[in-house]
1. Taking the chain as the reference, fit the longest principal axis to its C-alpha atoms, fit the long axis of helix 111-129 to the helix C-alpha atoms, and give the angle between the two in degrees, 0 to 90, nearest 10.
2. Which residue, chosen from ILE624, VAL97, THR222, occupies the Cα position most advanced towards the positive end of the dipole of the chain, where the dipole is computed from +1 (Lys, Arg) and -1 (Asp, Glu) charges on Cβ about the Cα centre?
3. Give me the number: length gained by fully extending TRP155 to VAL651, i.e. 0.36 nm times residue separation minus the C-alpha to C-alpha distance, one decimal in nm.
4. Using only DSSP helix segments of four residues or longer, with each worth -39500 (n - 2.57), what per-residue ellipticity at 222 nm results for the chain after dividing by its residue count and rounding to 500?
5. Scan around ASN133 for amide H atoms under 5 Å from its own, H built in the peptide plane at 1.01 Å from N, and keep only partners 5 or more places away or cross-chain.
6. Might you report the magnitude of the Cβ-based charge dipole of the stretch 232-355 about its Cα centre, with Lys and Arg at +1 and Asp and Glu at -1, to the nearest 20 debye?
7. Tell me the carbon and sulfur percent of the accessible area for the stretch 1-74, rounded to whole percent, probe radius 1.4 Å.
8. Using the crude model of +1 on Lys and Arg Cβ and -1 on Asp and Glu Cβ, and no other charge, please compute the dipole size for the chain relative to its Cα centre, in debye to 20.
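The values are calculated or read from the model by the stated rules, or taken from the named source; none is laboratory data. Small disclaimer: the values here were computed from a predicted structure and weren't measured. All Cβ positions, glycine included, derive from the backbone under ideal geometry; neighbour counts span all protein chains shown. Surface areas here come from the heavy atoms of the whole protein model, side chains and all, with no ligands, DNA or RNA. Shrake-Rupley method; radii C 1.70, N 1.55, O 1.52, S 1.80 Å.
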Amino acid sequence: MIQLLVFLPLIMALVAGLGGKIIGKVPAKIVTTGGLFVSAGLSWVVFTQFWLNGAAPYTVQVLDWIQSGDLSVHWALKVDALTAVMLVVVTSVSALVHLYSWGYMDEDPSQPRFFAYLSLFTFAMLMLVTADNLVQMFFGWEGVGLASYLLIGFWYHKPSANAAAIKAFVVNRVGDFGFSLGIFATFMVFGTVSIDAILAAVPGQAGATFSFLGARVDVMTTLCLLLFIGAMGKSAQLGLHTWLPDAMEGPTPVSALIHAATMVTAGVFMVCRLSPMFEASPTAQTVVTVIGAATALFAASVALVQTDIKRVIAYSTCSQLGYMFFAAGSGAYGAAMFHLFTHAFFKALLFLGAGSVIHAMHHEQDMRFYGGLRKHIPITFALMTIGTLALTGFFFTAGYYSKDAILEAAFANGLTASQAAFFVGALVALLTSFYSWRLVFLTFYGMPRWAGSEHIQHAMHDSHGHHSHDDHHVDHHHAAPATGDAGYHPHESPLSMLIPLFVLGAGALFAGWIWHESFVGPEAGATFWKGSIAFREHLMHAMHEVPAWVVWTPSLAFFLGLIGAYLAYLRSPELPGKVAGAVPALYAFLTHKWYFDELYDAIFVRPSFAIGRFLWVRGDQGIIDRFGPDGAAAVVAGGARAAKRFQSGYVYTYALVMLIGLAAAAAWFVPSGFMLGGR
């Protein structure tokens, strides 16, 4: 069963990708979507076996892969509770994204290629989460990187999509370099890449050191930090996060698949899978906690000022990943996985809901040109409101259980870094509530502001046969949004796009209530995880005994953010402009995303281009080409031009050449004859 679950998406990807032109669009969509729903059904069967029946972990051998000296790598599928959770998350969201794409991508001429890429991405992610060893995990790790490059740059005719795909690929290579170094170093220390063998040998390496530049360095800290660099790249943590907002250039279903439940959670999964290694290094855990908390604060602050609906949700994803990491750094790996699980439902719901809004608004993504949409697309409005309630932690929704579990565990940990992360997380919860309800109010409430949208104007032109925006160009970044609806009436999305929203909405409402005891309950959690992660039972007990003010802090943050967004965007819509004008430096700092892109451009991009131009002009053209192929070609061309002069076609020219040749021969042989005669 597990073999079919994992390899079926690959088979369907090959069928749609290689045979799409032969079988046509609809059959390509049927085979890929059907295959993913089969895999999703099997995933729930596997998950239920661990959740209800307490199944024992097992490994299925596929083939012998690599044998080189002491390195022995088998291709095997490792199945335990951690794998089961990831299987459900990956296949369920992917299957719903496939179905959603039937409506969203209906007019795209390259649908077989798109669905093949989706299935290929899913297969790579399944290989990652079922990996029995670090080499196989790295195979899946790079596979999702390749597939994400293809999906982000799917609309390759757009320069911005190409640039975003390349940026995602390059930034992830930086993290992957650290991950590969971590794998090499782990093999050097433990003599194996088998995850089970490594984790079993970790206690023997606790406290071990090695000499580096005259200092003693902890072995486990070094290994964990190298591996964590890989997680930072894939999960867009502070410093290696810059690719994530640009990845919104891909189609919206891609955003939901990559940023909600799959690729960006790979780093969290890897840290939890190798949690016994991190448990052996308090320093590494502190680093994970600090980076996670810093990322959560950074992304939440930037989301406050974003105007693109997808970018707001993208930065929200980055912020929630920060929550997961500081939970893992605090030792609450079950809470980190719980938030990963619930986050998949409500964040996929928000992304796909945003796609429904964009679909209704003819691909307009700027929220400043929305307004009043709740009357026109009420189903999308209701479901996105459910997703927002879950994200912001309203009572008894999925996010209420998982986010609160993280904050309570961080406080209960007792260490300075974890308790600092609690207060940062509480502030981030307030910011999350504010920017999430800001998105809802700007999109669905207030007066329609559609007249200022170029996308809507183009739609009106297409429907009425005349241009309505030739007299002036709307600058989305500086011009004040126009009011009125421009005679346009948004429409609700087709059923193929709404069904996934209903399913995800149910998950956003009930997933936390159903599974919170299994993931973070002291007794039930220990039974469920069964050694698949480092489960601190005492920490789970402690998080249920924190003071009441700790328990109520996230709920207080929810209401403060909601009230603030209501006052700023419904009660006094002029207030945000006044605040931005009062603190222009802070506003510029946030709108420029803490100037990370500008900093990286100055430190890395421009010097790289300068070095490249120098090597190209001076080295390649000035030396290699000049004295190499260009020089040789010039000699041949010069010789040909000289020889051409003698090929005039006149007899007297040829006679002259013959006479010169005879004279030269005589001049050669006469002295030679004298020399022979003298001998």
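1. Taking the Cα atoms of the chain, the angle to 111-129 is about 70 degrees.
2. Of the listed residues, the answer is ILE624.
3. Details: separation 496, 0.36 × 496 = 178.56 nm, distance 6.60 nm.
Fully extending the segment from TRP155 to VAL651 adds 172.0 nm.
4. Theoretical 222 nm ellipticity from helices: -23000 deg cm²/dmol.
5. Residues meeting the amide H criterion: ILE195.
6. Values: 5 positive and 4 negative charges, 22 e Å.
Around 100 debye, computed over the stretch 232-355.
7. Values: 2710 of 4010 Å².
So the carbon and sulfur contribution to the accessible surface is 68 percent.
8. Details: 33 positive and 37 negative charges, 287 e Å.
Using Cβ point charges on Lys, Arg, Asp and Glu, the chain gives about 1380 debye.
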